[in-house]
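Shown next, in structure tokens, is the structure this report addresses.
The values are calculated or read from the model by the stated rules, or taken from the named source; none is laboratory data. Because the structure is predicted, anything quoted here is derived from the model rather than measured. So basically every Cβ, Gly included, is an ideal-geometry build from the backbone, and we count neighbours across all protein chains shown. Calculation scope for accessible area: heavy atoms of the full protein, side chains included, ligands and nucleic acids excluded. Shrake-Rupley method; radii C 1.70, N 1.55, O 1.52, S 1.80 Å.
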Amino acid sequence: MPDPAPQPTPPRHARVAVIGGGISGLVAAFDLRHRHPEWDVVLYEASDRVGGVIRTLRQDDFLLEFGADSFSVQPPGAIQLCRDLGIEDRLVDPLEANRRAFILHAGKLVPVPEGFALLRPTDLKKLLASPLLTIPGRLRLVAEAFIRGKSDDSDESLQSFAIRRFGREAFDRLIQPLVAGIYTADASKLSMQATMPQFVALETEHGGMVRATRALQKQSKDDAARSASGARYAQFRSLPGGMGELFDTLVDRIGESNIRRGQRIASLQQAGDSWNIESDRGEAASYNAVIVALPGPAASTLLRPLAEEAADELAEIPYASSALVLLGVGKDQVAHPLDGFGMVVPAIEKREIIAASFLNRKFADRAPDDMHLIRVFIGGAMQSHLLERSDDELIETARRELAAMIGLQGPAKIQRVARWNNAMPQYHVGHCDRRDRVELAIGQLPGLELAGNALHGVGIAHCIRTARAAADRIGKHLASQLGDSPL
């Protein structure tokens, strides 16, 4: 058998700029440094701190998470990153005793049914035993097995898919609040193909969700069915120092000297095979390649002189804002045992919060033993008007709602507010086509790559995947462009 043709190796002294210091930019910069330590890799961040919306602080023996408090091991991008950073052995599992969540139903907390995996029944007996659905609602859900699959491959909203398959009641009481807890979105606009493609594929292959579950069970491939929805909660991980520890490790591996904080990139220009950037401080530099790891609107502004069509498409991606209220309260101030990771609130309950998580019930050492640390989510695409309230008013909103839902009383030891303005991209129907148009246009600019949550997924693992894919393409491009021979 002949030897395989030698593959070009990336140049030894390339210069690459990464624009944006959120999770995507940090991972892209780390990946480039990790694979090619001889390269000059510089990360630019407009603010004075990296990490984007994810931030961890300690206050009075509380570990306060102002963004994501954990990541999922599926898809595996985040867990693999921890392996590459050498911190996998520091990961902490969620507390086993509390691996469940609640849905607000008629003002009371009801456990999320064991037999339901977001958009697929995995155990009808357990699901139908839940008080969340009336008898007609349960019958309509069971009838899903007899509903024919969609006849074409056009995109549809998540609400349309859910009601078509399970009925209105299951959507309102079960599916909508679970989805809102993930996307802070309006499900009537959210694209199924962009956000839940696995369920679209199951319907296409099996004709429906109940039939898909039966087929997977026969093939012994359905982990969700075997262990019910509680398995999902077991898949999360964090670190002893919170999510901030992940970012501190990334910064350490990248090297502080390679990070330019407080430098917003004002212009990006192509000059032959090079890329010239200039910051708002007037500092200019030339690079062999650039990764843009910015939110859609910021990326649109920067890319407009280079790729107007891509810029227009990125500008059309809507973003939702939300606020997070963190409350540290005594356990004796709460009537409910809070024996779960958190709760979601259906829109039909007409309350002023989207969800709440009980952080000390998810991971150990997040609060003193006699205290609860509660994170309350407000706003989102469907209640954006609530964000016009002051921080004090948001705290009062959270306290008032928790008083009604879990019996919270008395003053809080910790009261903090974090605002996530235009932080969550909304993948509306047709998003996949928009994504393809953006990538086609950017593909005409060799040496320029996009990373982040604007196109391929909003979760941490999705951002990591886009960052590492961008870094990989940059490596291949530079090997081809500069023509280094193999070592």
Added length on full extension, which subtracts the Cα-Cα distance from 0.36 nm per residue, ARG437 to ARG148: 100.8 nm
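Per the Kirkwood definition applied to all pairs of different Cα atoms, how many angstroms is the hydrodynamic radius of the stretch 1-130?
Numbers: mean 1/r = 0.0509 Å⁻¹.
The Cα-based Kirkwood calculation yields 19.6 Å.
Given a 1.4 angstrom probe, what's the average accessible area per residue across the chain, in square angstrom? Present the calculation step by step, with values, prior to reporting the outcome.
On the way: 21230 Å² over 487 residues.
Per-residue accessible area for the chain comes out at 44 Å².
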Coil-residue trypsin sites (Lys or Arg not before Pro) of the stretch 268-361, DSSP, other Cβ within 10 Å capped at 13: ARG281, LYS350
Those trypsin sites (Lys or Arg not before Pro) from the stretch 96-191 that are DSSP loop and have at most 14 other Cβ neighbours within 10 Å turn out to be ARG148
DSSP bridge orientation in the chain - percent antiparallel, rounded to nearest 5: 75
Express in whole angstrom the spacing between the alpha-carbon centres of the stretch 355-382 and the stretch 81-160. 21
Using the Kirkwood radius over Cα pairs of the stretch 112-200, the Stokes-Einstein translational diffusion coefficient at 10 °C and 1.306 mPa s, in µm²/s and rounded to a whole number, is 120
Sorting TYR233, SER279, LEU302 by the position of each Cα along the dipole of the stretch 228-345 (Lys, Arg +1; Asp, Glu -1; all at Cβ), the one nearest the positive end of that ordering is TYR233
Order VAL200, VAL53, most accessible first, counting only protein heavy atoms with a 1.4 angstrom probe. VAL53, VAL200
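With charges only on Cβ, +1 for K and R and -1 for D and E, what is the dipole size of the chain about its Cα centre, in debye, rounded to 20? Let's see the in-between values first.
Details: 57 positive and 61 negative charges, 310 e Å.
Here the chain has a charge dipole of around 1480 debye.
Using R₀ = 22 Å, calculate the FRET efficiency as 1/(1 + (r/R₀)^6) where r is the Cβ-Cβ separation of ASN421 and ARG304; round to 0.05.
Values: r = 22 Å, r/R0 = 0.99.
Calculated transfer efficiency: 0.50.
How large, in percent, is the carbon and sulfur part of the accessible surface of the chain at a probe radius of 1.4 Å?
On the way: 10520 of 21230 Å².
That share works out to 50 percent.
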Could you give the Stokes-Einstein D for the stretch 288-407 in µm² per second, using the C-alpha Kirkwood radius, 4 °C, 1.567 mPa s? 77
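Hey, with R₀ at 35 Å, roughly what FRET efficiency would ASP89 and ILE135 work out to, going by the Cβ-Cβ distance, to 0.05?
Numbers: r = 50 Å, r/R0 = 1.44.
Efficiency, rounded to the nearest 0.05: 0.10.
Compute the length gained on full extension between ASP369 and GLU256: take 0.36 nm times their separation in residues and subtract their Cα-Cα distance, giving the result in nm to one decimal.
Numbers: separation 113, 0.36 × 113 = 40.68 nm, distance 3.63 nm.
Full-extension gain reported as 37.1 nm.
Given Cα pairs under 8 Å that are at least 6 residues apart, what percent is the relative contact order of the chain? Display every interim value, and only then the final one.
On the way: 970 pairs, mean separation 124.0, N = 487.
Value for the chain: 25 percent.
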If you average the sequence gap of Cα pairs under 8 Å that are 6 or more apart and divide by the length of the stretch 244-331, what percent do you get for the contact order? 16
For the pair GLN80/ARG281, report the inter-label distance in nm, with labels modelled 7 Å from Cα in the Cβ direction. 3.5
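Give me the Kirkwood hydrodynamic radius of the chain, using the inverse of the mean 1/r over all pairs of distinct Cα atoms, in Å to one decimal. Let's see the in-between values first.
Details: mean 1/r = 0.0416 Å⁻¹.
24.0 Å is the Kirkwood radius here.
Please arrange HIS105, HIS385, HIS431 by accessible surface area, largest first, computed with a 1.4 Å probe and ligands excluded. Each step should come with its number before you reach the end.
Working: HIS105 45, HIS385 105, HIS431 5 Å².
Largest accessible area first, the residues go HIS385, HIS105, HIS431.
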Starting from 0.36 nm per residue, how many nanometres of slack lie between LYS218 and LEU57 once their C-alpha separation is accounted for? 53.2 nm
